[in-house]
Amino acid sequence: MEETMSIVFGQSVPQQLFSLTDEEFLLTVKWKSKSTRDLKKAAQVGDLDRFSRGLGSQLKEISKQKRRGKHSEGMLWAALWSEDETENTCRTADLINLVKSIRDVSEKNIKGTKKTKRKKTPELSWDEVSRLLVGWLDQVCISEPLLPYELLLLTEVVENVGYCLAPSALVTVWRHCLFAAASLCFNLEETDFSDTTEDQVILISGELPWRLGFLFQEISGAKNFRQLGQQNLRDCFFDRTDTDGTPHADFHARLDYWLAALTRASYIGHVWGKSVWDQEAQERFQWSVENLIMLCDGSGKIALCPVHAVEHYFLLTLATYYTDLPARGVERRYLKALTSGKKRQKFFFQTDEEPSNQSDWSAIATMRNYWSDASNLLVTTWNSDLPELSLSTTGKLLIEGDWDFSLTADERAISGDGEWSCICWHSDEDADYLELQMDLESGYKLERQILLPRNQHFVFLSDIVTGTETANLEYRSVIPISLGIKGSLKEGTHELQLKTKGLSARVFPIGLPQERDFFQPGSLTLDDQNQLVLHQASLGNALYAPLIIDWEPGLKRKPADWASLTVSEGGKISARDEASGHRLRIGAHQLLVYRSLKKGENSRAVLGHNTNYESVIGRFDKNGDVSPLLFVE
């Protein structure tokens, strides 16, 4: 063995170290000058028994530290939250199953210490666990080194139960982790993350260095490794969130993995008494958690993000603990109510601030009427080719998926020719409103309106197509309805009813005539893919396709009718491709919808209401006056 071979953070790790015996490996470790004397001395003389005893003693204290404090039990095996994060190899899958077994053995042993309860003997003894760990590590070699997630799992095993392992097994696991950690440290700056998901980037470049820097803090260079991880965590976090903490929609489908890594890093800092965040980052992390809680529906699921290895409300509850959110704040109370079990009582929390948020940079908008298990929640993202919607109505999922479209002009297909952008966002005590826009081919433009009222149970969705030349326009708006919801058309009309257990909604295509006519173009259907398809046609250079979905419990059996309205300007009737007006009446409730498709020289009149606004959505009061939900200039 050459004298120059050593293992130290920040330097190249000689590959020959991998094949050394445990005694020889310990001799290559470069310790800090202030390292624990017994541990350092035992390593320097290759005394495995003495070293394993000293290491076991240290790890027992670390395990105790990790078990202190609120929510520590939920965080102990948090590495398993990321078990589906990558396409696991058979080797990784075997380690995941082994770690789960170790977790179960550990929990049974801890609970079994209570004399008042007699527990069954664990399925595995610690000697068997040790043998299985060493057997698994036999698969690791220079050509197939530890993967980042495997290193995270083994790190958690060492921290939590390392002191329980057989001495020889402990040293073997410890040296594999150290070898992989030092290799990661040296190669990190040259690692190409271009094809790596955001959550994996944070795990590899931030969480692992931060965590391993503590575990191996007595090894030379470990502090710099830890600080590098801390800086990378901050940089990655700031790079992928808006200034208000809103995460970018690009990785929304993996938000739970991303948050899991940040929460674990916060927990490790808490264990070692060193915050992972500076004041500015801590504040933004709190805002991120607030925004993610706002995205949670009545079941505790983050909208548009699949549930992977851990329930979202549970993950958010733990993340919230590492923020400065007030204990009586609405976000904490909302989460607490969600976690109170299946038999929880209905709840409603009043707040002065509107529970809505929108970020141009992150390409996401969150609309909700209030904080309740029966609230209406509409989340929209527009970072891809198509906007994505998720609508929960009184706590039941109604819409989720891509909002698609098709357009033809004189039978020629027109597709997108740009990116979606938000051109209007408005939130007040009456409603939340979002307007999106995308350029299409051949000079056409597509705009989309989305409105969710604060105190009524309906959503307004519309498409606006504008062009420069007159043509026969054929347009289809395709909205994904949640699986399990059935649809049926009301006899003789274009009204469509959507039903499932606990939810009944009525869909009104107010741009179409109320009565179905075989000879007139236009339809509303629920196809075999459970997509709501609105088809409209028009001759002109613009087309307006509005849709209202209503689930007001008190109106579900009330008669409904609607009509397109005459719009006039200066006593002259406006063409359909200049302005469009519509009225919907359900029982005693009436809604007015108006949209200017071409800017007029004077104010326009629709059903006795004069306006200079581009868009008007409002209800008629008892006197016949319009009570606005929305005016858009």
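The values are calculated or read from the model by the stated rules, or taken from the named source; none is laboratory data. Please read these numbers as outputs of a predicted model, since none were measured by experiment. Neighbour counts are summed over all protein chains in view; Cβ atoms, including those assigned to glycine, are modelled from backbone coordinates with ideal geometry. What goes into the accessible areas is simple: the full protein's heavy atoms, side chains included, and nothing from ligands, DNA or RNA. Shrake-Rupley method; radii C 1.70, N 1.55, O 1.52, S 1.80 Å.
Key figures
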{"item": "Exclusive hit being under 17 Å from Ser615 (Cα atoms) and either open to solvent by 30 Å² or more (accessible area, probe 1.4 Å) or touching a Phe, Trp or Tyr at 6+ places or on another chain (Cβ under 7 Å) (or both), set Leu452, Leu434, Leu461", "result": "Leu434"}
{"item": "All positions within the stretch 588-616 that are surrounded by 12 or more Cβ atoms within 10 Å (Cβ to Cβ) and on the phi > 0 side of the Ramachandran plot", "result": "Leu607"}
{"item": "Search result, residues across the stretch 357-374 that are assigned to a loop (DSSP other than H, G, I, E, B), open to solvent by 20 Å² or more (accessible area, probe 1.4 Å) and more than 14 Å from Arg333 (Cβ to Cβ)", "result": "Asp360, Trp361, Ala374"}
{"item": "Residue check for Ala303: of a type outside the set (S, T, N, Q), over 25 Å from Gly229 (Cα atoms) and surrounded by fewer than 19 Cβ atoms within 10 Å (Cβ to Cβ)", "result": "no"}
{"item": "Residue satisfying condition, being touching a strand residue (DSSP E or B) at 6+ places or on another chain (Cβ under 7 Å) and acidic (Asp, Glu), within set Asp324, Asp297", "result": "Asp297"}
{"item": "Any chance Asp256 is open to solvent by 10 Å² or more (accessible area, probe 1.4 Å) and over 27 Å from Arg175 (Cα atoms)", "result": "no"}
{"item": "Subset of the stretch 199-227 [touching a Gly at 6+ places or on another chain (Cβ under 8 Å), part of a helix (DSSP H, G or I), of a type outside the set (D, E, K, R) and open to solvent by 10 Å² or more (accessible area, probe 1.4 Å)]", "result": "Asn224, Gln227"}
{"item": "All positions within the stretch 244-273 that are touching a residue at least 60 places away in the same chain (Cβ under 8 Å) and not in a helix (DSSP H, G or I)", "result": "Asp244, Thr246, Pro247, His248"}
{"item": "Failed condition for Ser288, given (1) in the same structural domain as Thr241 (by the TED database); (2) open to solvent by less than 50 Å² (accessible area, probe 1.4 Å); (3) hydroxyl-bearing (Ser, Thr, Tyr); (4) closer than 30 Å to Ala505 by Cα", "result": "(4)"}
{"item": "Qualifying residue in the stretch 307-324 (condition: more than 20 Å from the chain's Cα centre (by Cα) and not in a helix (DSSP H, G or I))", "result": "yes"}
{"item": "Flag if Gln279 is touching a residue at least 12 places away in the same chain (Cβ under 8 Å) and in the same structural domain as Glu150 (by the TED database)", "result": "no"}
{"item": "Extreme residue, nearest to the chain's Cα centre (by Cα), among residues of the stretch 452-494 that are in contact (Cβ under 8 Å) with a residue 60 or more places away in the chain and not in a strand (DSSP E or B)", "result": "Ser482"}
{"item": "Number of the exception - Glu144 against (1) open to solvent by 40 Å² or more (accessible area, probe 1.4 Å); (2) touching a Phe, Trp or Tyr at 6+ places or on another chain (Cβ under 6 Å)", "result": "(2)"}
{"item": "Which listed residue, of Arg585, Arg619, is farther than 27 Å from Leu446 by Cβ, in a strand (DSSP E or B) and open to solvent by 80 Å² or more (accessible area, probe 1.4 Å)", "result": "Arg585"}
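Yes or no, residue by residue, for (1) of a type in the set (D, E, K, R); (2) modelled with pLDDT under 95:
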site	(1), (2)
Asp250	yes, no
Ala261	no, no
Gly269	no, no
Gln279	no, no
Phe285	no, no
Leu295	no, no
Ser299	no, yes
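Each row is one residue, and each column tells you yes or no for (1) without any contact (Cβ under 8 Å) to a residue 24 or more places away in the chain; (2) outside the structural domain of Val271 (by the TED database); (3) open to solvent by 80 Å² or more (accessible area, probe 1.4 Å).
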residue: Lys30; (1), (2), (3): no, no, yes
residue: Gln44; (1), (2), (3): yes, no, yes
residue: Phe51; (1), (2), (3): no, no, no
residue: Gly56; (1), (2), (3): no, no, no
